[in-house]
Amino acid sequence: MISVTELPVSYINVICIALFFAALMQLFLCVHSLMSSRKAARCIANVVLFVCVLTALSVLRASYTEFGVRFSVGIPWILFLIIGAGVFAYAFLSLLRERRRAKTNLSRASIRESLDNLESGICFADNAGRVILINRTMNRLISSVSGSVPQTLSEVNSALEREKIKTSPGLCCFPDGSIRRISLDELTEPGLEGFTQVTAQDVTELYTVSENIRNDNEKLRKTNEELNELYVRLADRIREQETLNLKMRIHNDIGTSLISISKIIEEQSPDDANSQLESLRNAVSYFSNNNSRVDDTPEKIQAYADNMNIKLIFDGAIPENEAQRAVLFSAVRESVTNCVTHSKGNAVTVKMLENGFDITDNGEPPKSPVKEGGGLASLRKRAESAGAKMQMNHSPVFRLSIRFNGEENV
């Protein structure tokens, strides 16, 4: 077999280049093994292999000079080529395997990088209070408060104490606007006794939502209080309205019955005495427990006027609104009663308008402004509760005016 010294110088240079790259690749593998703290036997094997390749390269370079062969080497040339290619392939594949293993296995560097990439701040201190590990987030938070990198646990606690939210224990508000929940734990795991862990968890979004809910609850509480007050006032208003309606009904029924009975006595015509006594009995029944009130209707109002010997004239359409109809019928009853008792007339005219009505009679007009008694005062309250205004004029004829939109008709 041809020895290496019998080859042309150009071939020998090619083999030297192959051995050089093999030695360089093996050197990278040795450095990586030493840095990754691999097993000692593997590290020693890699170093020995590197020394062998480097020795072969030295022997081959010493076998010739630029001007010819220095001494004869009887080693076949193919052996040098196999050594170079084999060592290169071994080192290359080993480096690829180590790279894949570094991506899947945890190392000190990967653990430190994971801690630094956490959104939550974390810090560890030994039993002497010295900070031995702190990630970027915690370092940034503490530095933004104290202005320097914390070296001891007391510096960390002092910075956190200044940023505490008084209304929310355990929470701190930092200059960047973030809200952090602070936890300080004494480690008790074997080998970690005496070490302290401080964490700062980001709860900004949760705190904001909680504050919004708290504000909404406060608004809801105030609204409920206002509603309760409104319910109380509404109950009082309903009782007042029912009392007013009852007063007006009693006033009208008793007044009507007494007037009719008075006429019966004066005219000595007892034909309608029983019906009038029944009306009086119904009026008095309001003070007992067996009262059965029925709302007014146009027919009942007309019958009421006929019973009082009063001609009732409606000029216009009666409103459909129930509240306005109730005010109208109460005003007509009061006007019919007053026409009989005060003005001594026999006809009452109701002129319907777009926004209310006017009531007049053909009796004697009052000589002075009318003073409101129980019936008129109750009628005014009822009109005002329905959103209307009531006005009375005594000259040239008595006129009772009610406007549902609040406008006055002078």
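The values are calculated or read from the model by the stated rules, or taken from the named source; none is laboratory data. The shown structure was predicted, so the numbers you read here are calculated from the model rather than taken from an experiment. Using ideal geometry, Cβ is built from the backbone for each residue, glycine included, and neighbour counts are taken over all protein chains shown.
Annotations for the structure displayed:
- Flag if LEU353 is under 56 Å from the mean Cα position of the chain (by Cα), in the same structural domain as ILE301 (by TED's automatic domain parsing) and at pLDDT 90 or above: yes
- Residue among GLU155, GLU98 that is out of contact with any strand residue (DSSP E or B) (no Cβ under 7 Å at 6 or more places or on another chain), assigned to a helix (DSSP H, G or I), at pLDDT 75 or above and not assigned by TED's automatic domain parsing to the domain that holds LEU184: GLU98
- The set of residues in the range 387-410 being hydrophobic (A, V, I, L, M, F, W, C), modelled with pLDDT under 85 and either touching a Phe, Trp or Tyr at 6+ places or on another chain (Cβ under 6 Å) or in the same structural domain as GLU322 (by TED's automatic domain parsing) (or both) is empty.
Matching residues to (1) touching a strand residue (DSSP E or B) at 6+ places or on another chain (Cβ under 8 Å); (2) surrounded by fewer than 21 Cβ atoms within 10 Å (Cβ to Cβ); (3) over 19 Å from PHE398 (Cα atoms); (4) of a type outside the set (Phe, Trp, Tyr):
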residue	(1), (2), (3), (4)
GLY316	yes, yes, yes, yes
GLU322	no, yes, yes, yes
ALA326	no, yes, yes, yes
PHE329	no, yes, no, no
VAL336	yes, no, no, yes
THR349	yes, yes, no, yes
PHE357	yes, no, no, no
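Results for (1) more than 37 Å from the chain's Cα centre (by Cα); (2) at pLDDT 90 or above; (3) closer than 30 Å to LYS164 by Cβ, shown as yes or no for each residue.
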position	(1), (2), (3)
ARG180	no, yes, yes
TYR207	no, no, yes
SER210	no, no, yes
ILE213	no, yes, yes
TYR231	no, no, no
SER262	yes, no, no
SER275	yes, no, no
GLU278	yes, no, no
ASN282	yes, no, no
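- Residues of the range 150-163 satisfying the condition of being touching a residue at least 12 places away in the same chain (Cβ under 8 Å) and either closer than 21 Å to THR188 by Cβ or surrounded by fewer than 16 Cβ atoms within 10 Å (Cβ to Cβ) (or both): GLN151, THR152, LEU153, SER154, VAL156, ASN157, SER158, ARG162
- When residues of the range 359-375 are limited to those that are buried (at least 18 other Cβ atoms within 10 Å of the Cβ) and closer than 19 Å to LEU328 by Cβ, the one modelled with the lowest pLDDT: GLY375
- Residue under evaluation ARG70, criteria (1) modelled with pLDDT of 70 or more; (2) surrounded by 12 or more Cβ atoms within 10 Å (Cβ to Cβ); (3) not aromatic (Phe, Trp, Tyr), criterion not met: (1)
- Residues of the range 284-314 satisfying the condition of being modelled with pLDDT of 85 or more, exposed (fewer than 14 other Cβ atoms within 10 Å of the Cβ) and of a type in the set (Gly, Ala, Ser): ALA303
- In this entry, GLY191 is excluded by the filter for residues that are touching a helix residue (DSSP H, G or I) at 6+ places or on another chain (Cβ under 9 Å) and among the small types (Gly, Ala, Ser).
- ILE83 being at pLDDT 80 or above and either surrounded by 15 or more Cβ atoms within 10 Å (Cβ to Cβ) or not basic (Lys, Arg) (or both): no
- Meets criteria (over 25 Å from LEU234 (Cα atoms), modelled with pLDDT of 90 or more, in a helix (DSSP H, G or I) and in the same structural domain as ILE238 (by TED's automatic domain parsing)) for VAL348: no
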